[in-house]
1. Look at the stretch 212-223 and say how many of its residues are free of Cβ contacts under 8 Å to residues at least 40 places away in the same chain and either surrounded by 20 or more Cβ atoms within 10 Å (Cβ to Cβ) or farther than 22 Å from A171 by Cα (or both).
2. Return yes or no: is S192 within 29 Å of the chain's Cα centre (by Cα), surrounded by fewer than 16 Cβ atoms within 10 Å (Cβ to Cβ), among the small types (G, A, S) and assigned by the TED database to the domain that holds S163?
3. With (1) assigned to a helix (DSSP H, G or I); (2) farther than 23 Å from V128 by Cβ; (3) β-branched (V, I, T) as the list, and I236 as the residue in question, which single condition is left unmet?
4. Among the residues of the stretch 124-146, write down those that are under 30 Å from G64 (Cβ atoms), open to solvent by 50 Å² or more (accessible area, probe 1.4 Å) and either part of a helix (DSSP H, G or I) or not hydroxyl-bearing (S, T, Y) (or both).
5. Quick one: V74 ticks every box in (1) over 18 Å from V148 (Cα atoms); (2) assigned to a strand (DSSP E or B) except a single one, so which number is it?
6. Go through the stretch 233-253 and give me each residue that's more than 21 Å from M178 (Cα to Cα) and either open to solvent by 40 Å² or more (accessible area, probe 1.4 Å) or at pLDDT 95 or above (or both).
7. Output the number of residues of the stretch 158-183 satisfying the condition of being at pLDDT 90 or above and under 22 Å from L225 (Cβ atoms).
8. Residues in the stretch 80-100 that are modelled with pLDDT under 95, open to solvent by less than 80 Å² (accessible area, probe 1.4 Å) and among the β-branched types (V, I, T): how many?
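The values are calculated or read from the model by the stated rules, or taken from the named source; none is laboratory data. All of these numbers come straight from a predicted model, not from anything done at the bench. Note that we place each Cβ from the backbone using ideal geometry, even for glycine, and neighbour counts take in every protein chain shown. With ligands, DNA and RNA removed, areas are computed over all heavy atoms of the protein, side chains included. Shrake-Rupley method; radii C 1.70, N 1.55, O 1.52, S 1.80 Å.
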Amino acid sequence: MSGVGVSRGLAQADPRFRERALQRRRRPWLRGLWTAVAVAVLVGLAWVAFWSPLLAVRSVEVTGVTGADRTAVVGLVRVPTGTPLARVDLEAVEERVRSRTTIAEVSVERGWPSTLRVRTIQRHPALVLKNPQGQLEVVDATGVSYDVVKAPPAGVPLVTAASPKGTTKEALEAALSMVRTLPPDLSSRVSSIQVSTANLVSFTLGGVDVVWGGADDADRKLVILRALLPTKPEVIDVSAPDSPVTRGGPSPSPSK
């Protein structure tokens, strides 16, 4: 008997051989079936994510701002209700919200299944700058002017430029450096700040005129200022901390 005849005879005699032969014939068909099922599942998931109303925007959640700013942010989002979350252009939403000058930072993310989350950080006033037009510009700690007011907010110092042309960016940074250096017990007593140049910032502290100078040696200037304030002079000049000057009272020489 030939080898083929022997194999056929064994296959007919042993059911295990018949089962294995059937499995070999089924495998291509099963692979095709599972591939089709997988493709159908992926297509279904894509439809649910990108076109179905099941995962669409139904609410916008804004944090970090309140009142008029929150209302403005909601208006800047401009994502229609029912837009699939997966198709929302997050960067475009962030760019629109960032155009609101009172917003310092913004991030937008998807809150599945149906919420668009907008997280913001609001700018806070560091000083108010009186510009050459007489307007009062609110400036934050980074030097960004983001609002115009009729009167400085409570506790926010007013800065006036000595030049009718206004102040430079460097001079404004020097004023901000001085504001950051002064602790609350002193900054609360500052009634006005004048900026001539980046190296000449002065302010009124209670009844004392203080010539601060530039942003350099700020911590040392603060130590000297504290040492000289008890002498109650009319003017304290710490612009050159190696040789501080007082006028209108005793002129002690604090240790360096």
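1. Residues flagged as free of Cβ contacts under 8 Å to residues at least 40 places away in the same chain and either surrounded by 20 or more Cβ atoms within 10 Å (Cβ to Cβ) or farther than 22 Å from A171 by Cα (or both) within the stretch 212-223 amount to 3.
2. Against the criterion (within 29 Å of the chain's Cα centre (by Cα), surrounded by fewer than 16 Cβ atoms within 10 Å (Cβ to Cβ), among the small types (G, A, S) and assigned by the TED database to the domain that holds S163), S192 does not qualify.
3. Only one criterion in (1) assigned to a helix (DSSP H, G or I); (2) farther than 23 Å from V128 by Cβ; (3) β-branched (V, I, T) is unmet by I236, namely (1).
4. Filtering the stretch 124-146 for residues under 30 Å from G64 (Cβ atoms) gives 124-131, 135-146.
Subset that is open to solvent by 50 Å² or more (accessible area, probe 1.4 Å): 124-125, 130, 135, 141-142, 144-145.
Matches in the stretch 124-146: H124, P125, K130, Q135, A141, V144.
5. (2)
6. R247, G248, P250, S251, P252, S253
7. 16
8. The qualifying residues number 2.
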